[in-house]
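Since the structure comes first, as structure tokens, the remarks are kept for the end.
The values are calculated or read from the model by the stated rules, or taken from the named source; none is laboratory data. Please read all numbers here as calculations on a predicted model, not as lab measurements. Positions of Cβ are generated from backbone atoms using ideal geometry, with glycine treated the same way; all protein chains shown enter the neighbour counts.
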Amino acid sequence: MIQDIAPHCFDNTYAGKDPKENDLIFVFDKDNVLCRIENEKVFFPKGRDLKDHKVTYLFRIDETSYFFCDAKETIDGYAFNSLRSIRDSIDHDEMMLFGVYTAYHLSLWYKDNRYCGRCAGTMEETKDERALECLNCHKRIYPRINPAVIVGVKNKDKLLITRYAKGFAHNALVAGFTEIGETLEDTVRREVKEEAGISVKNITYYKSQPWGIAQDILAGFYCEVDGDDTIRMDNRELKYASWVARQDIELQPTDYSLTNEMMRMFKEGKIK
């Protein structure tokens, strides 16, 4: 999956430092990132390319530090490309894809919190930790992550396969965000009921995955249908929902998502 970058080592300990010449700098414009694509490989600006710009330290992978720059202009030799378009170019380089997604998540937090939500004062980066502090009321805030669930609903030797009404066109599983006051297990029950009209039991945690493209932390669960297995699909959320036998499950074209791993594990009989 996207976070499986071993033997590379990810270190998100905050360090307020300047970039070295070969450290990577990410520049985002909405859901586009500044890069150069050559022979299906993606290259990002380095410290030497943005010496005169303000940058913010993000994290380190192995010995390379990664930074975010809120620049508006392009750099010679580089152009803005959509995250979706570069994903296919680097989907065999899990380390770099993970770096881009994680950097995008943090960059959105910095951009979305330029002003204080309490008094509308200007927020400034702190020097001692990854936080923003209001210059007026001194309220300090920290990066936020949206919890969400991915649910593999089992019905004996079949799995509930869905497709979203909009956006991603390939097979998926029931998914949704956790609401205030809910446990993750409550989210599983509610989302399955809302999207497919089905009650579930025996909810079992599988694995989690950071998903920076939507600022999420995804928690994967398997569960079993409880009682009536008639699907009552929510047409606002889904365009397809069906019980699919193991051998007939069609996987996604890439293997970086928790959703695809969970479908594959069931298809291969590793989840009973």
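Of all the residues in the range 166-215, those that are farther than 16 Å from Thr259 by Cβ and small (Gly, Ala, Ser) number 3.
Among the candidates Ala148, Ala120, the residue that is modelled with pLDDT of 95 or more and within 30 Å of Lys270 (Cβ to Cβ) is uniquely Ala148.
I'd like to check which strands (runs of 3 or more DSSP E) are fully inside the range 18-80 and have at least 3 residues that are aromatic (Phe, Trp, Tyr).
Result: 64-69.
Could you please let me know if Ile150 is in contact with a Leu (Cβ under 6 Å, 6 or more places away or on another chain) and surrounded by 20 or more Cβ atoms within 10 Å (Cβ to Cβ)? Spelling it out, Ile150 is indeed in contact with a Leu (Cβ under 6 Å, 6 or more places away or on another chain) and surrounded by 20 or more Cβ atoms within 10 Å (Cβ to Cβ). Based on this model, can you work out whether Cys134 counts as surrounded by 14 or more Cβ atoms within 10 Å (Cβ to Cβ) and over 21 Å from the mean Cα position of the chain (by Cα)? Against the criterion (surrounded by 14 or more Cβ atoms within 10 Å (Cβ to Cβ) and over 21 Å from the mean Cα position of the chain (by Cα)), Cys134 qualifies. Scanning the range 65-87 for residues that are surrounded by fewer than 16 Cβ atoms within 10 Å (Cβ to Cβ), modelled with pLDDT of 90 or more and farther than 20 Å from Trp211 by Cα yields a count of 2. Out of Phe168, Phe177, one residue alone is assigned by TED's automatic domain parsing to the domain that holds Asp226, in contact with a helix residue (DSSP H, G or I) (Cβ under 8 Å, 6 or more places away or on another chain) and closer than 22 Å to Thr102 by Cα. It is Phe177. Evaluating Cys137 against the criteria (1) under 21 Å from Leu108 (Cα atoms); (2) not assigned by TED's automatic domain parsing to the domain that holds Leu251 leaves one unmet condition, (1).
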